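Novice: Quick one: structure below, then a few questions.
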Amino acid sequence: QVQLVESGGGLVQAGGSLRISCAASGRTLRNAAVAWFRQAPGKDREFTAAIRWNSGHTYYADSVKGRFTISKDTAKNTAYLQMNSLEPEDTAVYFCAVGFGLIVSSLSSSVHYNYWGQGTQVTVSS
């Protein structure tokens, strides 16, 4: 019932910035959490950031805190991830995900999200 399309990935040098987008359609995002996960080759899928749609409250993994900012444009049903001070370790496919009624402790767990986009590749060169 929720379709998600990511865009904005690409190649950037270490220290650079990139902004990726997640456009949602279908079911309303009221009461939803929208999150960004990433997966590098040979590694598990990793939580990076989440935002509660109603309140705008944000949550970050320690690995990206202070460098990444998640935001939303409610009118456009779109979430963004602004990535600054990028490092080669940030290289991954970035996935947008949506879940409903999640408590804080569940926000970082991929199993609680019902809908996923196809992902967008972010590559950071050294």
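The values are calculated or read from the model by the stated rules, or taken from the named source; none is laboratory data. These numbers were taken from a predicted model, which means no experiment stands behind them. For neighbour counting, all protein chains shown are included, and Cβ atoms are generated from backbone atoms with ideal geometry for every residue, glycine included. Ligands, DNA and RNA are excluded from the accessible area calculation, which covers all protein heavy atoms including side chains. Shrake-Rupley method; radii C 1.70, N 1.55, O 1.52, S 1.80 Å.
Novice: Normalised by the residues of the chain, what does the relative contact order come to in percent, with Cα pairs under 8 Å and at least six apart? Display every interim value, and only then the final one.
Specialist: Working: 310 pairs, mean separation 44.2, N = 126.
Relative CO of the chain lands at 35 percent.
Novice: Additional query: Which of A32, Y80, T69 sits farthest toward the positive end of the charge dipole of the stretch 7-85, with +1 on the Cβ of Lys and Arg and -1 on the Cβ of Asp and Glu?
Specialist: With unit charges placed on the Cβ atoms, the residue in question is A32.
Novice: Karplus couplings for the stretch 50-62 from phi (6.51 cos²θ - 1.76 cosθ + 1.60, θ = phi - 60°), rounded to Hz, Gly and Pro as x?
Specialist: 9, 9, 7, 5, 5, 9, x, 4, 10, 9, 9, 6, 4
Novice: What is the ratio of the Cα radius of gyration of the chain to 2.2 N^0.38 Å, with N the residue count, to two decimals?
Specialist: Taking N as the residue count of the chain, the ratio is 0.97.
Novice: Continuing with the same structure: Spelling out what I want: for every residue of the stretch 100-107, take phi, set θ = phi - 60°, compute 6.51 cos²θ - 1.76 cosθ + 1.60 (Karplus), and round to whole Hz; glycine and proline get x.
Specialist: 10, x, 7, 7, 4, 5, 8, 5
Novice: Tell me the relative contact order for the stretch 61-126 as a rounded percent, counting alpha carbon contacts under 8 Å between residues six or more apart.
Specialist: Reported as a whole number, the value is 32 percent.
Novice: Return the sequence-ordered ³J(HN,Hα) values of the stretch 89-99 in whole Hz as given by the Karplus equation 6.51 cos²θ - 1.76 cosθ + 1.60 applied to θ = phi - 60°, using x for Gly and Pro.
Specialist: 5, 7, 4, 4, 7, 9, 10, 8, 9, 10, x
Novice: Can you give me the C-alpha center-to-center distance between the stretch 65-93 and the stretch 95-126, rounded to a whole angstrom?
Specialist: Cα centres, the stretch 65-93 to the stretch 95-126: 12 Å.
Novice: Oh, and also: Can you give the relative contact order of the stretch 35-86 as a percent, counting alpha carbon pairs under 8 Å and 6+ residues apart?
Specialist: 25
Novice: Using a probe radius of 1.4 Å on heavy atoms only, what accessible surface per residue do you get for the stretch 1-70? Whole Å² is fine.
Specialist: I get 52 Å² per residue for this part.
Novice: Skipping prolines and chain starts, which residues have an amide H placed within reach, meaning under 5 Å, of the one on Y115, given they are 5 or more residues away or on another chain?
Specialist: Amide H neighbours of Y115: V98.
Novice: Compute the signed sum of charges (Lys and Arg +1, Asp and Glu -1) over the other residues within less than 13 Å, Cβ to Cβ, of S85.
Specialist: Counting the neighbours of S85, the net charge comes to -1.
Novice: Once the other residues with Cβ under 14 Å from the Cβ of A14 are scored (Lys, Arg +1; Asp, Glu -1), what is the net sum?
Specialist: -2
Novice: A further question follows. Calculate what fraction, in whole %, of the accessible area of the chain sits on carbon and sulfur atoms when a 1.4 Å probe is rolled over the protein chains. Write out the running numbers ahead of the final one.
Specialist: Details: 2930 of 6320 Å².
Reported share for carbon and sulfur atoms: 46 percent.
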